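The values are calculated or read from the model by the stated rules, or taken from the named source; none is laboratory data. Just so you know, these numbers come straight off a predicted model, no measurement behind them. Neighbour counts are summed over all protein chains in view; Cβ atoms, including those assigned to glycine, are modelled from backbone coordinates with ideal geometry. Calculation scope for accessible area: heavy atoms of the full protein, side chains included, ligands and nucleic acids excluded. Shrake-Rupley method; radii C 1.70, N 1.55, O 1.52, S 1.80 Å.
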Amino acid sequence: MGLRIGALIVDSADPGRLARFWAEALDWVISRDVDPEWVVEPPEGSREDCVVADLLFIKVPEARSGKNRLHLDLRPEDQAAEVARLETLGATCVDIGQGEGRPWIVMADPEGNEFCVQDAHPPEVQADWLRRYGAYRR
C-alpha cells in the first residue's frame, strides 16, 4: 500500500512551547520552528525515522475545549522514572475518570492535551518487538 500517516496535527495556542515540550519528551528534533507551524520528528537514523508520524503543532486562536478525540500512548522502559521526567518538563498527571489500578498513567502536556504513559512491556515482548523491527529495517 502506498499510503502512510505523515503527521499528527495538534492545534495549539503556543506551538513553540508544545514543540519544545514534545521534542524533549520524545528525544526528537524540531525540524520547523516558525509560527504558525512547528514540526517535531524523530532524529535521522533513529528506529522511528521514516516510520513514526511527525507531530505538527499549528497555532489556532480558539482555546482547547473538551476531551481529546485522539491521544498518544507512550511505552517507556521505566514508567515511574518517565512520569517523573515528564513532570519536570511541564506535564501533569490528570484524572479523566480512568479509575484505580490501571497499567497506564494519564498525563497532560503544557496545554492540557492528554496522553498515557503505559507500563513497560515484559522482556519477552520487548525482545520479540526488537526482533521484528530488526527484520523489517532496510
Kindly indicate whether any position in the range 15-28 is surrounded by fewer than 16 Cβ atoms within 10 Å (Cβ to Cβ), over 14 Å from Pro110 (Cβ atoms) and in contact with a Pro (Cβ under 8 Å, 6 or more places away or on another chain).
yes
Across the range 31-59, which residue is most open to solvent (accessible area, probe 1.4 Å) among those that are of a type in the set (Val, Ile, Thr), within 20 Å of Phe115 (Cα to Cα) and assigned to a strand (DSSP E or B)?
Ile58
Given the condition under 25 Å from Glu24 (Cα atoms), exposed (fewer than 15 other Cβ atoms within 10 Å of the Cβ) and of a type in the set (Val, Ile, Thr), answer yes or no: does some residue in the range 99-119 qualify?
no
Just to be sure, is Ile5 more than 19 Å from Ala108 (Cα to Cα), loosely packed, with under 15 Cβ neighbours inside 10 Å and of a type in the set (A, V, I, L, M, F, W, C)?
yes
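Condition (residue is open to solvent by less than 50 Å² (accessible area, probe 1.4 Å), more than 19 Å from Pro15 (Cα to Cα) and touching a residue at least 60 places away in the same chain (Cβ under 8 Å)) applied to the range 122-133: is it met by at least one residue? I'd like the intermediate steps shown before the answer.
Start the filter on the range 122-133 by keeping residues that are open to solvent by less than 50 Å² (accessible area, probe 1.4 Å), which leaves 133.
Filter again for more than 19 Å from Pro15 (Cα to Cα), leaving 133.
Those left that are additionally touching a residue at least 60 places away in the same chain (Cβ under 8 Å): 133.
Checking the range 122-133: at least one residue is open to solvent by less than 50 Å² (accessible area, probe 1.4 Å), more than 19 Å from Pro15 (Cα to Cα) and touching a residue at least 60 places away in the same chain (Cβ under 8 Å).
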Residues that are closer than 26 Å to Gly134 by Cβ, among the hydrophobic types (A, V, I, L, M, F, W, C) and either part of a loop (DSSP other than H, G, I, E, B) or touching a Leu at 6+ places or on another chain (Cβ under 6 Å) (or both): does the range 94-112 have at least one?
no
Scan the range 69-93 for residues that are assigned to a loop (DSSP other than H, G, I, E, B) and either hydroxyl-bearing (Ser, Thr, Tyr) or open to solvent by less than 70 Å² (accessible area, probe 1.4 Å) (or both) and report the count.
3
Log entry, pairs with first residue in the range 84-110 being free of Cβ contacts under 8 Å to residues at least 24 places away in the same chain, second being exposed (fewer than 10 other Cβ atoms within 10 Å of the Cβ), beta carbons closer than 9 Å, six or more apart or on different chains, reads Val106/Asp95
Options Glu48, Glu24: the member that is in contact with a helix residue (DSSP H, G or I) (Cβ under 9 Å, 6 or more places away or on another chain) and either of a type in the set (Val, Ile, Thr) or at pLDDT 95 or above (or both)
Glu24
Would you be able to say whether some residue in the range 10-22 is among the β-branched types (Val, Ile, Thr) and without any contact (Cβ under 8 Å) to a residue 60 or more places away in the chain?
no
